[in-house]
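K.L.:
Can you keep this structure in mind? I'll have questions shortly.
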Amino acid sequence: GYSLPTPEMVEAVTTVARVEGILLDPVYTGKAMAGLFGLIRRGTLKKGEHVLFLHTGGAPALYAYQDVLLG
């Protein structure tokens, strides 16, 4: 199912937490951020473009994924 962790989600959640101090939930917001990372990597979004990312919460879901996120 959709709630299964992916390497892209783990990278997005841990990177945003480490770099920005923002906790993303692993299921929806974490996977959306992983998608944003992918758009940047593929060149769909260019350097200097403005992007609005709406963080809708859900950080308590992190507890269910602590083994995956903390390695």
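The values are calculated or read from the model by the stated rules, or taken from the named source; none is laboratory data. Because the structure is a prediction, the values reported are computed rather than measured. Positions of Cβ are generated from backbone atoms using ideal geometry, with glycine treated the same way; all protein chains shown enter the neighbour counts.
K.L.:
For a quick check of your reading of the model, give me the residue pairs whose first member lies in region 41-60 and is over 25 Å from Leu23 (Cβ atoms), whose second is among the polar types (S, T, N, Q) and loosely packed, with under 10 Cβ neighbours inside 10 Å, with beta-carbon atoms closer than 9 Å and at least 6 apart or on different chains.
P.N.:
none
K.L.:
Return the residues of region 7-23 that are more than 14 Å from Leu70 (Cα to Cα) and not in a helix (DSSP H, G or I); say none if nothing qualifies.
P.N.:
Gly21, Ile22
K.L.:
Keeping to region 16-38, report how many residues are in contact with a helix residue (DSSP H, G or I) (Cβ under 8 Å, 6 or more places away or on another chain), at pLDDT 95 or above and β-branched (Val, Ile, Thr).
P.N.:
Residues in region 16-38 being in contact with a helix residue (DSSP H, G or I) (Cβ under 8 Å, 6 or more places away or on another chain), at pLDDT 95 or above and β-branched (Val, Ile, Thr): 1 in total.
K.L.:
While we're on this one: Please determine whether any residue of region 15-29 is touching an Asp or Glu at 6+ places or on another chain (Cβ under 9 Å) and surrounded by fewer than 17 Cβ atoms within 10 Å (Cβ to Cβ). Outline the logic, then answer.
P.N.:
Restricting attention to region 15-29, the residues satisfying the condition of being touching an Asp or Glu at 6+ places or on another chain (Cβ under 9 Å) are none.
No: zero hits.
K.L.:
Which one is modelled with the highest pLDDT among residues in region 40-63 that are surrounded by 13 or more Cβ atoms within 10 Å (Cβ to Cβ) and not in a loop (DSSP other than H, G, I, E, B)?
P.N.:
Step one: filter region 40-63 for residues surrounded by 13 or more Cβ atoms within 10 Å (Cβ to Cβ), giving 40, 45, 55, 58-59, 61-62.
Subset that is not in a loop (DSSP other than H, G, I, E, B): 40, 59, 61-62.
Working: Ile40: 95, Ala59: 78, Ala61: 78, Leu62: 79.
Per the criteria, the residue is Ile40.
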